[in-house]
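Since the structure comes first, as structure tokens, the remarks are kept for the end.
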Amino acid sequence: MLNLKDVKYVLFDWDNTLAESRSTLVYVVNIILKKYHLDEWDKQKDKRDPNLSFRDNFPNVFGKENAAKAYEEYRKLYKETVASKISRFDKTLETIEFLKQKNIKIIILTNKDRMLLDFELPLLYDVNLFDEIVAGHEAPKDKPYPEQAWYALRNFISPKDITRENVWVVGDSAMDSDCAKAINALPIRVGKPIWQSASDIKEADGIKYFPTFKDFYLELIKSDI
């Protein structure tokens, strides 16, 4: 069971964790892929480098010569589309509000483009719920490397003082749990990863896993009794 006694900071991933944005991403990128006469995303995604963000994988998918232009086309269409498709997962808002009541700092830690994040975040949440928000390319390195998490926590806690008890990193992917391990925080995985199989999630690896965000929320409530 999770221990709420010592936790002070919870870092949440955005895509597929606090926001169901995958449907928008896939819908939009398939339109851009078709424009460049490429196969749909389900066939292209194996070209990804798993240690790079969706944005930084554009050269691997579209080629270096087309990557920048294709990404700008993607970003424009994404902004035009996301409001009608994006949604919260069950109990995400309640989880944040519960943690805030416990005086726990809530941080968004995402590799997503800041322009897109700033556009879509207010569609789902009051921005004031978050004590810090860090997007892609704002730290020396993005997840899964520790630099992004250290950067997000820079005004709160020293890297040497981070423990599995006082810092949690919550996300859907190995990128999130690897980042947590790299800073000595508790990795918490929720749901099914967008790109990888869920089979890599093992409690033996020191990862706390919940099938859905609602399951995570219910254990938090149980832990508070």
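The values are calculated or read from the model by the stated rules, or taken from the named source; none is laboratory data. Everything numeric in this text was worked out from a predicted model, so none of it was measured. Please note: Cβ atoms are built from the backbone with ideal geometry, for glycine as well, and neighbour counts cover all protein chains shown. Note: areas computed on protein heavy atoms with side chains; ligands, DNA, RNA excluded. Shrake-Rupley method; radii C 1.70, N 1.55, O 1.52, S 1.80 Å.
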* Asked: Taking LEU93, is it within 18 Å of TYR217 (Cα to Cα) and either open to solvent by 10 Å² or more (accessible area, probe 1.4 Å) or within 14 Å of the chain's Cα centre (by Cα) (or both)?
  -> yes
Picked from the stretch 148-179 (must be open to solvent by less than 10 Å² (accessible area, probe 1.4 Å) and without any contact (Cβ under 8 Å) to a residue 60 or more places away in the chain), the residue nearest to the chain's Cα centre (by Cα) is SER177
Flagged pairs (Cβ under 7 angstrom, 6 or more apart or on separate chains; first in the stretch 207-224, without any contact (Cβ under 8 Å) to a residue 24 or more places away in the chain and at negative phi; second open to solvent by 60 Å² or more (accessible area, probe 1.4 Å) and assigned to a helix (DSSP H, G or I)) are TYR209/GLU203
Note on the stretch 4-60: residues closer than 18 Å to ILE188 by Cβ, assigned to a loop (DSSP other than H, G, I, E, B) and in contact with a strand residue (DSSP E or B) (Cβ under 7 Å, 6 or more places away or on another chain) are VAL7, LYS8, ASP13, TRP14, THR17, LEU18
All-but-one check, LEU153 against (1) out of contact with any strand residue (DSSP E or B) (no Cβ under 7 Å at 6 or more places or on another chain); (2) under 27 Å from PHE89 (Cα atoms), failing number (1)
Pairs returned, first residue in the stretch 112-140 that is surrounded by 14 or more Cβ atoms within 10 Å (Cβ to Cβ) and outside any loop (DSSP other than H, G, I, E, B), second residue that is at pLDDT below 95 and of a type in the set (Gly, Ala, Ser), beta-carbon separation under 6 angstrom, 6 or more apart or interchain, are none
query = Looking at LEU38, is it open to solvent by 50 Å² or more (accessible area, probe 1.4 Å) and within 20 Å of ASP142 (Cα to Cα)?
reply = no
